[in-house]
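The values are calculated or read from the model by the stated rules, or taken from the named source; none is laboratory data. Because the structure is a prediction, the values reported are computed rather than measured. Note: ideal-geometry Cβ built from the backbone for every residue, glycine included; neighbour counts use all protein chains shown. With ligands, DNA and RNA removed, areas are computed over all heavy atoms of the protein, side chains included. Shrake-Rupley method; radii C 1.70, N 1.55, O 1.52, S 1.80 Å.
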Amino acid sequence: MQIFGVDIGGSGIKGAPVDLDRGNLADERHKVLTPHPATPEGVADGVRQVVDHFGWTGPVGLTFPGVVTGGATIRTAANVDKKWIDTDAGALFSDHLGGLPVTVVNDADAAGVAEMHFGAGRGRKGTVVLLTFGTGIGSALFVDGVLVPNTELGHLELHGHDAEKRASSKAKEDEELTWEHWAHRVQKYLAHVEMLFSPELFIIGGGVSRKSQKFLHYIEDIKAEIVPAQLQNNAGIVGAAMHAVQGN
């Protein structure tokens, strides 16, 4: 079974048909840059470009980098334009996609669901936290495989700042940090999350999951097991497609 998934991020909008029997992409993903400012109309146009690239005409699952409630209403917009707040994203995207049925879910929640079903969290009980490191830090919290939605733990305060301002991949790039220096920041963040939730497992997702050998060995003094996401940066696309099946 194939369903289309789109992952909307602060820097890029990427999507592809997803093989939901195997939990991987059925075709090479297509990516366009997220417009700046990332307004609702601009992002919706980028989504249309990605979907049109494949000539897709069925249901579409989309992720969004913020809190999504009531099925498709956007409540926060930390790394996109503030005009998103209170937008009915489902109606907006469906309109730009010629009336195709769409579902919308928090981006890290989508990645987490994919990793719990197909990847590093498969079969794991207890408390599991997936963290995606990119433009910001997304989070997905699971208790015995059940998602606690919209946790947004990247906005926890760390040394007087939003944690994602200190420990995201963007912070590493903007401040030109070495992998070791950045890993020490990530360690402090993980220690804070561990203090609050005492997880058995941290799954590290986002683009940095492809480069885990560069930084994971620098992270010490964390009691929980720490592993990279197996679906790497495709987890959001896979999770978006999974959500589309559940929502239609």
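What are the residues in the stretch 78-104 that are open to solvent by less than 50 Å² (accessible area, probe 1.4 Å) and either among the polar types (S, T, N, Q) or touching a Pro at 6+ places or on another chain (Cβ under 8 Å) (or both), if any?
Passing the criteria: Ala78, Asn79, Val80, Asp81, Trp84, Thr87, Ala89, Leu92, Ser94, Leu100, Val102, Thr103.
What are the residues in the stretch 11-25 that are open to solvent by less than 10 Å² (accessible area, probe 1.4 Å) and out of contact with any Phe, Trp or Tyr (no Cβ under 8 Å at 6 or more places or on another chain), if any?
Answer for the stretch 11-25, where residues must be open to solvent by less than 10 Å² (accessible area, probe 1.4 Å) and out of contact with any Phe, Trp or Tyr (no Cβ under 8 Å at 6 or more places or on another chain): Gly12, Ile13.
In the stretch 26-50, which residues are open to solvent by less than 30 Å² (accessible area, probe 1.4 Å) and either among the hydrophobic types (A, V, I, L, M, F, W, C) or at positive phi (or both)?
If the condition is that a residue be open to solvent by less than 30 Å² (accessible area, probe 1.4 Å) and either among the hydrophobic types (A, V, I, L, M, F, W, C) or at positive phi (or both), then Val32, Ala38, Val43, Ala44, Val47, Val50 are the ones that fit.
Out of Ile203, Ile222, I need the residue that is open to solvent by less than 60 Å² (accessible area, probe 1.4 Å), modelled with pLDDT of 95 or more and either under 27 Å from Gly5 (Cα atoms) or touching a Gly at 6+ places or on another chain (Cβ under 9 Å) (or both). Which one?
Residue meeting the stated conditions: Ile203.
Look through the stretch 105-145, keep the residues that are among the acidic types (Asp, Glu) and over 25 Å from Thr73 (Cβ atoms), and return whichever of them is most open to solvent (accessible area, probe 1.4 Å).
Asp144
Can you name every residue in the stretch 206-219 that is part of a helix (DSSP H, G or I), of a type in the set (A, V, I, L, M, F, W, C) and surrounded by fewer than 21 Cβ atoms within 10 Å (Cβ to Cβ)?
Listed by number, the list holds a single entry, Leu216.
Would you say Gly15 is in a strand (DSSP E or B), modelled with pLDDT of 95 or more and closer than 30 Å to His155 by Cβ?
yes
What are the pairs, 6+ residues apart or on separate chains, where a residue within the stretch 23-42 that is within 16 Å of Phe93 (Cα to Cα) has its Cβ under 8 Å from a residue that is open to solvent by 60 Å² or more (accessible area, probe 1.4 Å) and among the charged types (D, E, K, R)?
Thr39/Lys83; Pro40/Lys83
Consider Val148 carefully, then state whether it is among the β-branched types (Val, Ile, Thr) and open to solvent by 20 Å² or more (accessible area, probe 1.4 Å).
yes
When you scan the stretch 180-200, how many residues do you find that are of a type outside the set (A, V, I, L, M), surrounded by fewer than 18 Cβ atoms within 10 Å (Cβ to Cβ) and without any contact (Cβ under 8 Å) to a residue 24 or more places away in the chain?
The total comes to 1.
Residue by residue, here is whether (1) at pLDDT 95 or above; (2) of a type outside the set (Gly, Ala, Ser); (3) under 19 Å from the mean Cα position of the chain (by Cα) holds:
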site	(1), (2), (3)
Asn150	yes, yes, yes
Gly160	no, no, no
Ala167	yes, no, yes
Thr178	yes, yes, no
Glu194	yes, yes, no
